[in-house]
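Worksheet: one structure, shown below.
The values are calculated or read from the model by the stated rules, or taken from the named source; none is laboratory data. Just so you know, these numbers come straight off a predicted model, no measurement behind them. Every residue, glycine among them, receives a Cβ derived from its backbone with ideal geometry; neighbour counts consider all protein chains shown. Note: accessible area is taken over every heavy atom of the protein model, side chains too, but ligands, DNA and RNA are not part of it. Shrake-Rupley method; radii C 1.70, N 1.55, O 1.52, S 1.80 Å.
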Amino acid sequence: MSAQPLPLTEEIAWISSDPHLSGNFAPVGPELDAPDLPVVSGRIPLELRGAYLRNGPNPLFQPLSFTYPMDGDGMVHAVHLQDGRARYRNRFVRTRGLDVELRAGHAVYGGLLGPRPVAPELVGTDGDPGPVKSGAFINVIEHAGHILALGESQPAYELTPDLDTIGEWKAGTGLPVEMGAHNRRHPVTGDLFAIAYSVFEPVVRVHRIDEGGALRRSFDVALGAPSMIHDFGLTARHLVLVVGPAVFDAGAVAEGRSFLQWRPELGARIGLIPLDGGPATWLETDAFFVFHIANAFERDGAVTVDYVRHDSFRPGYATGPRRPPTLHRLVADPLGRTVRDNPVADFLTEFPRINEARSAMPARFVYAPTLTASLRDANPPSATFNALVRVDTETGATRTYDAGDHILGEPAFIPRPGGTREDDGYLATYSFDPVECCSDLLILDAARVDAGPIAAIRLPQRVPQGLHGNWIPRP
Ligand SMILES: [Fe+2]
């Protein structure tokens, strides 16, 4: 039951000094529909027919506790493309927790790193019990015709193609399915694999959802400690867990410290989990942390993982005096019991993507945003980017589009219909102009990123920096 009629029309009424709630990280309030968006440069390729959907943390009410990118309400911004024209729609993900806060007229829940008990009378019978709201704000995907807004080990919320919230997704079962923000589709079977870690138990649950959208199997993988695992890799034969020592510690909360603790003395562990149910293989290495994996695949008996390496866990992909996160390639050899790890490129990055049609295979190209020196000197909030890079993981060669003072986000790959080459397609990303205070959807040629956008589509309102998105083609 929604507490307020749709759509919401009012601007966000509060401001915050948190850098990840300011500038282009500040949330927006209005839920808009805009037909026929102006194309301010270039042309929209006529062959593109579908929608680019992107989710991100967009708290409607001033948060009681906020840590980027772990808290917030989901808001999906969609640009539909057809016949060279574009239309826009954005909607909050109407989670049970957001409805509780809409009824209360203020924030009710704490954040992941600052959970707070919630008064039962505020929650009501149909609300999210808390203490942390299931925000469904990190990613948005399509599987088996279901559009799913995803949070972190929380119920997925199903949306209509018009972005209205249907409710918690049950995948053919009687209960909501708790799953993470990042999921991987098996290249042969089409099964969708998902994980959900526990913040209290040393375990991560693995789900296999078939290509028809039915949950077929769930099983638990034992860990050394309750660990934050934001993403994973999938090869044709294994689910690959890269477990850094970011550990949930309820005792620390009782002492007034963060729920999530960095324990480098525990090291990192690479888990190869056979998809056929066989015993897991674990390999140990020095401590590091992974938010995002670009791709994983098997070659010559070893598992290769292309990922962004953080020397330690810091919320918000923090920049600062320590080495910035960079693209690495890890090779785990289960027979030799070795882990080799080398940088692929030396630029600051996060949010790496590939042509997902090559997922679980030896994909060559990674597309990722970076921050060039022109903006880096200004020391903007972490997860601010102003350039896109195509990296050849075999040679290390790069092609870069530098957007100057415009802020860019994660690039999503759009395969060219009928394309055969790995880089035969487009990249889509939202761009923000801090001078004009307006946002565009940029379309780039994935093979020629350095040539700059082939289309810039002006949006009817600012689109906040956000997190992950995907292209959903229409037949
Ligand atoms: Fe993510």
Taking every other residue with Cβ under 14 Å from the Cβ of Leu444 and scoring Lys and Arg +1, Asp and Glu -1, one gets -1
In whole angstrom, the spacing between the Cα centers of segment 250-282 and segment 195-211 equals 13
Relative to the compact-globule estimate 2.2 N^0.38 Å (N residues), the Cα gyration radius of segment 19-473 stands at a ratio of 0.92
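Pulled fully out, how much extra length does the chain show between Thr285 and Ser258, if you take 0.36 nm times their separation in residues and subtract their Cα-Cα distance?
So the extension gain works out to 7.2 nm.
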Expected unfolding gain across Ser65-Arg237 under the 0.36 nm per residue rule, minus the alpha-carbon gap, is 57.9 nm
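How far, in nm, would the chain grow between Glu47 and Asp450 when pulled straight, counting 0.36 nm per residue and subtracting the alpha carbon separation?
Roughly 142.9 nm would be gained on extension.
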Using a 1.4 Å probe on heavy atoms of the protein chains only, the accessible area for Thr395 in Å², nearest 10, reads 90
On the accessible surface of segment 19-473, probed at 1.4 Å with all protein chains in place, carbon and sulfur together account for a percent value of 50
Computed over segment 19-473, protein heavy atoms only, probe 1.4 angstrom, the accessible area per residue in square angstrom equals 37
If R0 = 30 Å, then Arg376 and Ala250, at their Cβ-Cβ distance, give a FRET efficiency to the nearest 0.05 of 0.20
Segment 317-475: spread of alpha-carbon positions along the three principal axes, whole Å, largest first, is 56, 47, 23
Under the rule rounded for a/c under 1.5, else prolate if a/b exceeds b/c, else oblate, using alpha carbon gyration tensor axes a ≥ b ≥ c, segment 115-212 is classed as oblate
At the level of C-alpha centres, the distance separating segment 358-424 and segment 8-74, in angstrom, is 21
In whole Å, largest first, the alpha carbons of segment 1-147 cover along the principal axes 53, 36, 25
Neighbours of Val199 by Cβ distance under 12 Å: Lys/Arg at +1, Asp/Glu at -1, summed charge -4
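Tell me the net charge near Phe137. Cut-off is 10 Å between Cβ atoms, Phe137 excluded, with +1 for each Lys or Arg and -1 for each Asp or Glu.
It works out to a net charge of -2.
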